[in-house]
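One structure is given below, encoded as structure tokens.
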Amino acid sequence: MEFHVYHDQMVFSKACAYILMAVALVCAIGWWKFLTGKEPKKNSTHDFDDV
Amino acid sequence: MKRRHFLGLAGAATATALAGNAMASGHSFEGYPNSYGVLFDASRCIGCRQCEMGCNTINSENETKPWTTLPKKDPAYFADLKSMNDTARTDSTMYTLVNKYEPQALGGKSPVYKKFQCFHCKEPACASACFVKAFTKTPEGAVTYNGSVCVGCRYCMIACPWSVPAYQFDKLVPYVQKCHMCHPHIKAGRTTVPACVGACPMEALVWGKREDLIHQAWERIRSVPGTYLPHVYGEHEMGGTNWMYISSVPFAQIGLPENLGQTPAPELTSGALGLVPLVACLWPVLLGGIWQITQWKDRKAEEATQKAVAEAVAVERAKAGK
Amino acid sequence: MSQHDHGAQPVILPPAEAWGVIRSLLKPSTYLQFVKEHPILSLIFVAGVAVTVNRFLIGGLAGTTNLDNNNPWGIWISFDLLCGVALAAGGYTTTAAALIFNIKGFRTAVKPAILTAFLGYSFVVYALLYDVGQPWRLPYPVFWSPGTSSVLFEVGLCVMLYVTVLAIEWLPNFTDWVGLPKISHIIHKCTIALTIMGIVLSTMHQSSLGMLYLITPSKLHPLWYSPQLPLQFFVSSMVAGMSMVIFEGTISHHYLHGRMSAEYNRDHDGVLFMFAKAASIVLFGYFFMKWVPIAGENKWDYLFDGKFAVMWWVEMLGFVALPCLLYALGYRSRSTGTIKAASALAVLGIVVNRFNVSWFAFNIQLRPEQRYFPSAQEVIVSVFVVTLIILCFRFVSKYMAIFSDHPSYKDHH
């Protein structure tokens, strides 16, 4: 993609940045639920529940 | 220019790397090839105001949008050559005006005239500042304004180094008004050059491709040594403009500020704007981390007190049991 | 540590009566009563409405303001936008202290801070309706034609998102009051996420307001223009937030004492001392931060040159160094009086700084006769906006559980 004017590149790259931030936010919610979720219990002798 | 980038070094470097600032990666933006512009020669202008009249005529007699239409003015208005001064500026009823200066360089007695209008920057500050993309740098060279999206925030007026855009403060549905280098008129075939250029009797205004105009300007400067200042105003200012000036008196004395620097407007904000996505990514990490740590600490403190209480109770019970 | 431990649990009307209060807002008799009891506030209200009619239906911006083509931004930007946003920063500083850093004794300060922030930001948007030429087009930058290269776009997007976050964070006060506990419950589950989002958004737009002026190096005086403006605005917003919490808490204590629970009163002084200490630290750092661009960009000569130098020294010594010192003195001697004075000075200092950047030290290339001064109508609108904020704050605090826990609090915790 060739931009002749720096301003035009800025409009495009910043639009990408904002969309990326929105996507990151949505993914972050899913990732956080995964990180703090519990694995189905097998036979664990210790639970690191306090971490 | 280096002083301007004295942001925290890490911040600036990170921003440049991650914001995709092409300036750092070696790609430079030359602008559209074959874009047109105008060269104004301050030593040729006689202050006849024909350019003003030509501009008013073409923009009042043709059907265009509300924000590219001017109210028609009586020719007598432009025939008045006494009212020109060094402070008047454009308002929402005009796209250009001629100022009259009496520069120190000529002893303060001789008049020098300068035409003021949009400079049609290669990297327009108005376009960079506009949060609804109302301004466009056209391939032909003109910087045009699209009033159909304009909210009227007037940040373009703040951002423009020459304070070019004027606003219809008196209207209940106001628009910005600004010279458009007759872009809609040229596109519609009504004229081949901007009306002001066509109206000038002294060839103080010359139309051509930007590179050619710069070449012409330096030719003129070299051909009569000692007449012109060896500088083409707009060649590099704010990253370069399509409307340029040569003059035989210092530019600052004819109302052309010389403290603008050569950094194009978008570059003034791109570094800082590049940090915004970083905050969005890193702050949740930092804050989430701190929150987890404080939660964990509180829980540990709670457990420690519970343990201490249990131990104290056990000691008491043991004592009582004895 | 607290000087007073008193405060019975304030009366919160049950939901049926709450709806009665809301219905009374639709009755003219309520307003006639208000006019009788508060003649001055009513006068301000009437003046505000009159200017509003003039601004939108008769004279437009030209008939209402002293703005012109050389001075397109006036006090509706300098004060209502820049100061309004900075002084509403108490929302993110208090929620950070209470919920992220988990500092004990800050829990009761959260609800008043969120109310102040929510009202502050909402009325910034309201004031913008006056300033902007075509206010019905305000959704355009986000929903129609995003100008993503613009700092103002980022300000607008962030403020829009943050007002939404604040509205959600504030909503449980209303839903508890009118008897919709399920909604309160759902929102409470998202507290940490909302808080983090709020702090992220606040950081971005507080700094972006400083970023607005990066594009005007030739118009802003060198003692204030610097690529570090965004950082300066962000750091000073933390001071503004904490100082406003202290300042607003002091005023509320005077007028709304009957609405404050025992726990709130117990915590109140603790919050004061903690914020005083924090504000002193931040002001100390901010003071030296303001010297960095002077040194780095070799601007020493400007420090002794003319009236702008005087303005800079006054801002630095009277409104940064002095509150820093007063906060420290107040903290050392546990003197709430000194701390309250410091907070008033710090709040004023934020206003001085924002005014310097956007008005006094801006457009310095203009001749004296070209410079801007607000019209009476512009001042009326700004006063009107502040009055509306105070009236809304009073109404909400009078009826909802802002300075106390709602009876249903135990159900959430």
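Working note: Karplus 6.51/-1.76/1.60 with θ = phi - 60° gives region C:121-133 the couplings 5, 4, 7, 5, 4, 4, 5, 4, 4, 6, 6, 6, x Hz, where Gly and Pro are set to x.
For region C:366-386, no residue has its backbone nitrogen under 12 Å from a point 7 Å from the Cα of C:Tyr31, taken along Cα to Cβ. Here the protein assembly as shown is treated with +1 on each Lys and Arg Cβ and -1 on each Asp and Glu Cβ, and its dipole about the Cα centre works out to around 880 debye. Of all lysines in the structure, the ones whose alpha carbon falls short of 24 Å from that of B:Lys122, not counting any fewer than 8 places away in one chain, are A:Lys14, B:Lys2, B:Lys114, B:Lys133, B:Lys137, B:Lys178, B:Lys187, B:Lys209, C:Lys219. By the Kirkwood approach, averaging reciprocal distances over each pair of separate Cα atoms, region C:283-352 gets a hydrodynamic radius of 12.9 Å. FRET efficiency for the pair B:Ile293 and C:Ser218, taken as 1/(1 + (r/R0)^6) with r the Cβ-Cβ distance and R0 = 45 Å, rounds to 0.45.
Between B:Tyr77 and B:Glu302, the simple label model (points 7 Å from Cα in the Cβ direction) yields a spacing of 7.6 nm.
Most mobile of B:Ile293, B:Ile186, B:Ile58 per a Gaussian network model of chain B (Cα springs, under 10 Å)? Of B:Ile293, B:Ile186, B:Ile58, the most mobile in the Gaussian network model is B:Ile293. Cβ-Cβ distance of C:Ala309 and C:Ala344, R₀ of 25 Å, FRET efficiency by 1/(1 + (r/R0)^6): the value works out to about 0.45.
Counting only aspartates and glutamates at least 8 places from B:Lys72 when in the same chain, those with an alpha carbon closer than 19 Å to its own are B:Glu52, B:Glu61, B:Glu63, B:Asp80, B:Asp91, B:Asp170.
Summarising the overall dimensions of region B:217-282 from its C-alpha atoms, the Rg and Dmax are 17.7, 60 angstrom.
Which one, B:Asn56, B:Asn34, B:Asn259, has the greatest fluctuation when you compute a Gaussian network model over chain B with C-alpha springs under 10 angstrom? With Cα springs under 10 Å in chain B, the top fluctuation among B:Asn56, B:Asn34, B:Asn259 is at B:Asn259. Across B:Asp86, B:Asp41, B:Asp170, mean-square fluctuation computed from a Gaussian network of chain B (C-alpha pairs under 10 Å connected) peaks at B:Asp170.
Once both labels are positioned 7 Å from their Cα atoms along Cα-to-Cβ, the gap between B:Ala188 and C:Ala16 label points is 7.0 nm. Here the translational diffusion coefficient of chain B follows from Stokes-Einstein with Rh set to the Kirkwood radius across Cα pairs; for 37 °C and 0.692 mPa s it amounts to 141 µm²/s.
Rounded to whole numbers, the Karplus 3J(HN,Hα) couplings from phi for region A:23-28 are 4, 4, 4, 5, 5, 4 Hz, using 6.51 cos²θ - 1.76 cosθ + 1.60 with θ = phi - 60°, and x at Gly and Pro.
Between the alpha-carbon centres of region B:265-322 and region C:297-357 there is a gap of 34 Å. Only helices reaching 24 angstrom along their own axis (Cα) with mean Kyte-Doolittle hydropathy no lower than -0.5 count here, and for the DSSP H runs of chain B these are B:265-321. Computed from point charges on the beta carbon alone (+1 for Lys and Arg, -1 for Asp and Glu), the dipole magnitude for region B:91-154 about its Cα centre is near 100 Debye.
For region C:231-327, evaluate the Debye formula with one uniform point scatterer on each Cα (no solvent term) and list log10 I(q)/I(0) at q = 0.11, 0.16, 0.18 Å⁻¹, rounded to two decimals. Log10 I(q)/I(0), no solvent term: -0.44, -0.75, -0.87.
Using alpha carbons only, how many angstrom separate the centre of region C:201-249 from the centre of region A:1-24? Between the Cα centre of region C:201-249 and that of region A:1-24, the gap is 25 Å.
Between the amide H of B:Tyr167 and those of B:Ser92, B:Gln177, distances stay under 5 Å, these residues lying 5 or more places away or on another chain, with hydrogens modeled in the peptide plane. From largest to smallest, the equivalent ellipsoid semi-axes obtained for region C:61-130 from the alpha-carbon gyration tensor read 35, 10, 6 Å.
Dividing the Cα radius of gyration of region C:190-245 by 2.2 N^0.38 Å, with N the residue count, gives 1.35. Which shape class applies to region C:330-413: rounded if a/c is under 1.5, otherwise prolate when a/b exceeds b/c and oblate if not, where a ≥ b ≥ c are the square roots of the Cα gyration tensor eigenvalues? Cα axes put region C:330-413 in the oblate bin. Per-residue Cβ neighbour counts within 10 Å put B:Trp283, C:Trp359, C:Trp313 in the sequence C:Trp313, B:Trp283, C:Trp359, beginning with the fewest. The phi torsions of region C:330-343, fed into the Karplus equation with coefficients 6.51, -1.76 and 1.60 and a -60° offset, translate into couplings of x, 5, 4, 9, 6, 9, 5, x, 4, 5, 5, 4, 4, 5 Hz, rounded to whole numbers, with Gly and Pro shown as x. Residues whose amide H falls under 5 Å from that of B:Cys121, counting only those 5 or more places apart or on a different chain, are B:Asn242, with hydrogens built in the peptide plane. Could you tell me how many degrees, from 0 to 90 and to the nearest 10, lie between the Cα long axis of helix C:28-37 and the main elongation axis, the longest principal axis, of the Cα atoms of chain C? It works out to around 70 degrees. Listed by chain and number, the lysines whose C-alpha is less than 30 Å from the C-alpha of C:Lys340, apart from same-chain residues fewer than 8 away, are C:Lys104, C:Lys111, C:Lys277, C:Lys290, C:Lys398. When both region C:32-57 and region B:28-51 are represented by their alpha-carbon centers, they are found 53 Å apart.
Restricting the calculation to Cα atoms, the protein assembly as shown yields a radius of gyration followed by a Dmax of 30.1, 120 Å. Extending 7 Å from Cα along the Cβ direction at C:His253 and again at C:Phe373 yields two label points whose distance is 3.9 nm. Each residue in C:Met211, B:Met84 was given a count of other beta-carbon atoms within 10 angstrom of its own, and listing them fewest first yields B:Met84, C:Met211. Remark: C:His268, A:His4 ranked as A:His4, C:His268, counting other beta-carbon atoms within 10 Å and listing the fewest first. Determine, from the Cβ-Cβ distance of B:Asn34 and B:Ser148 and an R0 of 35 Å, the FRET efficiency 1/(1 + (r/R0)^6), rounded to the nearest 0.05. Result of the calculation: an efficiency of 0.80.
Since every read-out is calculated from the coordinates, none of them should be taken as a lab result. Because the structure is a prediction, the values reported are computed rather than measured. For neighbour counting, all protein chains shown are included, and Cβ atoms are generated from backbone atoms with ideal geometry for every residue, glycine included.
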